[in-house]
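Worksheet: the structure to be examined is printed underneath.
The values are calculated or read from the model by the stated rules, or taken from the named source; none is laboratory data. Quantities reported herein were computed from a predicted structural model and do not represent experimental measurements. Counting neighbours? That spans all protein chains shown, and the Cβs are built from the backbone with ideal geometry, glycine included.
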Amino acid sequence: MPICQLCRQRPATVHYTRIINGQKVEMVVCETCARENNDIQISFHKLLSGIMGMEIPKEVPNEPIPVLKCASCGMTAEEFNKTGLLGCTECYTTFGDRMQTLIKRIHGNAKHHGKIPAKIAAKLQPARNLMAMKQELQKCIQEENYEQAAILRDKIKEAEKMQGIRNM
């Protein structure tokens, strides 16, 4: 295990990378030095704000900011942003949009697809493709893209015929 680059006494457990004037500076430090060094300290709120693409205001505005608060447990959006934890099941409804945005930025998607066992993956793929085409068809209809919708309709009928699904 590497030794802390600041105190040169304890094992380094924190890897810190910072870009200064276009130069990448990497450091490995112990937990104690990371806590004591103001340049290294990371605010969870700043980290989440950076991930969510929100700037932290330098000055406090004169107008009061409306507080988003869970009606059941009283948790505020600020508390959620600081801790990343929810207080109760109602918080999922209250902070749902914020969580979706955060999850999409971190994972690239907010919908969990899960893993499919290799033995049945081949059997499930046509059904998933059919479902995706039906969703795309609905989107084309909403956007009034009827030419593409007609093409998708025909592909869906062909796929259903191949899978032995009857049109109800």
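Taking every residue in segment 6-25 that is over 16 Å from GLU36 (Cβ atoms) and pairing it with any residue that is aliphatic (A, V, I, L, M) and part of a strand (DSSP E or B), at least 6 positions away or on another chain, the pairs with Cβ-Cβ distances below 6 Å are HIS15/VAL28; ARG18/VAL25.
Might you check whether a residue that is basic (Lys, Arg), under 28 Å from MET162 (Cα atoms) and part of a loop (DSSP other than H, G, I, E, B) occurs anywhere in segment 119-128? There is no residue in segment 119-128 that is basic (Lys, Arg), under 28 Å from MET162 (Cα atoms) and part of a loop (DSSP other than H, G, I, E, B).
So that you can scan it fast, the table gives a plain yes or no per residue for (1) within 30 Å of THR83 (Cα to Cα); (2) within 25 Å of the chain's Cα centre (by Cα):
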| position | (1), (2) |
| --- | --- |
| ILE106 | yes, yes |
| HIS112 | yes, yes |
| LYS115 | yes, yes |
| ALA122 | no, no |
| PRO126 | no, no |
| LYS139 | no, yes |
| ALA149 | no, no |
| LEU152 | no, no |
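Okay, residues lined up against (1) modelled with pLDDT of 65 or more; (2) assigned by TED's automatic domain parsing to the domain that holds PRO11; (3) exposed (fewer than 10 other Cβ atoms within 10 Å of the Cβ); (4) touching a Pro at 6+ places or on another chain (Cβ under 9 Å):
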residue	(1), (2), (3), (4)
CYS30	yes, yes, no, yes
CYS33	yes, yes, no, no
MET52	no, no, no, no
VAL60	no, no, yes, no
LYS69	yes, no, no, no
GLU79	yes, no, no, no
LYS82	yes, no, no, no
